[in-house]
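S.K.: To start, I am sharing the structure in question, which I have written as structure tokens.
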Amino acid sequence: MSLVIRNADIVTATRRFTADILCENGIITAIGPDLSAPPETEEIDATGRYVFPGFIDPHVHIHLPFMGTHAKDDWTTGSKAALMGGTTTLIEMCCPSRSEDPLEAIRLWKSKAAGKASCDYTFHAGITRFDDSTAAAMQAIVETESITSFKVFLAYKGAFGIDDTELYHTLATASGLGAIVTAHCENAELIAETQKDLVAAGKLGPEWHEPSRPVRVETEGCHHLMTFAEMTGAEVYVVHTSCREAVEVILAAKGRGVKASIETVAPYLTLDHSHAALPDFEGAKYVMSPPIRSVEHQDFLWDALRQGWIDTVATDHAPFDFATQKHMGHPDPEKAVDAEFHPTGKAANFTLIPNGIPSVEERVKLLYSQGVATGRIDLHTFVRTASTRAAEVFGLHPRKGDIVIGGDADLVIWDPAWTGTISAATHSMATDYSAWEGWEITGRAETVTVRGRVMVREGRWCGEAGWGCFLERSATT
Ligand code: URP
Ligand code: ZN
Ligand code: ZN
């Protein structure tokens, strides 16, 4: 199977030039002017379009048992939605419960993707407890499962969260294995106590989610992780950073030599905390953790992208239906939906709203539309933060995240002039709502390839479930 893309306005994290791109057997084999191609090669003319490296979302949840329910997408819907938006590689958070073995969990999470994924993928292996067997499990995850990144939660006390002793040993073990640890940084005790106070005061609606885990709670979590990373020498990656103070704490630690990278996510760049106060419980659609902050933080995050302080823009795609799942936290017993631990008839509150926003399909178009098209970021920052840095940080570069000879032919032909509207009625995600319903968008992924196979053509799905490959990685030691 071969494909040549002609007259491509190629944009990578560092370069922009016009050339043809020849793809053979899944790999980019030539880049240059007027390339000759073997007979039977498919030709696509990209005149007037950008050609970007396939985008990488380094933080998604597909299989996610969480807060008494399960995230809505499976790998068939989630990876199709990713590709429709131009994302060709997903890194999923494997989130076992504390009672599950992390190695068994990775095998389970892999089995959920195999045969269903249409884009390429790997995982961050969740470590949700550390006991006598965990160091050996972590070693097997790196050496036999070819996964070189872990995930810890400082929040979600009693669910995924780990304590400080466990955090210390997870970081020290990962460091010895040459693996990186991704971390959700919020102080679990501060959240638990603040939530109790708010609920006792009758503050039950989704608008109280943000005050229950304010900027200080996230900043303390980041400071905490930085201290532990400094003491153990571990390399860390802070997921879904939402606010100025958290970024500043991490930058200060980097200044002291801590090996840390910073992720933000599309909702923080495009939405603000007023969305969680929308009437008729609509605010529940915008409940995620850390919470969406005020617009000052949003402005700071765009600036931080421009400055290169933030490495990646992910989604933290965690899709729950509004009608049947977000309503588990409705304070009106008549409207609340039942869940395992939430018997109908009891007053619910915001702490029972499943946390997360469906976004895997919208990340790239939001970043382009709200970032590049408005002049907030340039094309290279767009490619770097939505693709290249994730590949570099997680050991996938230059196979992914770039346009180079020998790299995978994951390419996005982007129409910058396209305009359209986001809607749940037309999206490919499995959820019944979009957090950006009705938003006008400029630019879209017109044609998308994964290892040279066209998966989206002129905005229409032509992909194949099961085409996606698990990406083996090896440690840096
Ligand atoms: O609200 C969020 N972020 N939901 C998904 C789980 C997590 O914390 O990443
Ligand atoms: Zn998280
Ligand atoms: Zn997450």
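S.K.: Taking Cα centroids, how far is the stretch 343-399 from the stretch 60-77 in Å?
M.R.: Each part reduced to its Cα centre gives a spacing of 17 Å.
S.K.: Further question on the same structure: May I ask for the equivalent-ellipsoid semi-axes of the stretch 24-171, computed as the square root of five times each C-alpha gyration tensor eigenvalue and listed largest first in whole Å?
M.R.: Working: eigenvalues 287, 58, 36 Å².
Computed over the stretch 24-171, the values are 38, 17, 13 Å.
S.K.: Taking the mean number of other Cβ atoms within 10 Å as a proxy for protection, how do you rank 141-148, 48-55 from highest to lowest?
M.R.: The packing order, highest mean first, is 48-55, 141-148.
S.K.: With all pairs of different alpha carbon atoms counted, what Kirkwood hydrodynamic radius in Å does the chain show?
M.R.: 22.4
S.K.: Moving on. Counting just the Cα atoms, what span does the stretch 1-88 cover along each of its three principal axes? Round to the nearest Å and put the largest first.
M.R.: 57, 30, 20
S.K.: I want the local charge near residue 191. Using Cβ-Cβ distances under 13 Å, sum +1 for each Lys or Arg and -1 for each Asp or Glu among the other residues. Don't skip to the answer; put the middle values down first.
M.R.: Numbers: positive: 157, 196, 213, 216; negative: 186, 189, 193, 197, 210, 218, 220.
Once positives and negatives cancel, what remains is -3.
S.K.: While we're looking at this one, here's another question. What does DSSP give for the chain in terms of the percent of beta bridges that are antiparallel, rounded to the nearest 5?
M.R.: 50
S.K.: For the stretch 264-348, treating each Cα as an identical point scatterer without solvent, what Debye log10 I(q)/I(0) comes out at q = 0.16, 0.20 1/Å?
M.R.: -0.69, -0.91
S.K.: Using the Karplus curve 6.51 cos²θ - 1.76 cosθ + 1.60 with θ = phi - 60°, work out ³J(HN,Hα) for each residue of the stretch 46-62 in order, rounded to whole Hz, and write x for Gly and Pro.
M.R.: 9, 3, x, 10, 7, 10, 10, x, x, 7, 10, 9, x, 8, 9, 10, 10
S.K.: Next question, about the same structure. Once amide H atoms are built 1.01 Å from N in the peptide plane, which residues 5 or more positions from residue 456, or in another chain, come under 5 Å H to H?
M.R.: The answer is 448, 462.
S.K.: How high is the relative contact order of the chain, given as a whole-number percent (alpha carbon pairs under 8 Å, six or more residues apart)?
M.R.: Value for the chain: 22 percent.
S.K.: Hey, what do the phi angles of the stretch 192-205 turn into as Karplus ³J(HN,Hα) couplings, whole Hz, using 6.51/-1.76/1.60 and θ = phi - 60°, x for Gly and Pro?
M.R.: 4, 6, 5, 5, 4, 4, 5, 5, 4, 7, x, 8, 10, x
S.K.: Taking the stretch 124-178 as the region of interest, what is the percent of Cα-Cα pairs per 5 angstrom bin, listed from the shortest bin to the one with the maximum distance?
M.R.: Spelled out per bin, shortest first, that is 5, 20, 35, 24, 12, 4, 0.
S.K.: Right, something else. Neighbouring Cβ atoms within 10 Å as the yardstick, rank 335, 157 fewest first.
M.R.: 335, 157
Values in this text are rule-based calculations from the coordinates and carry no lab data. Not measured: the values here are computed from a predicted model. Counting neighbours? That spans all protein chains shown, and the Cβs are built from the backbone with ideal geometry, glycine included.
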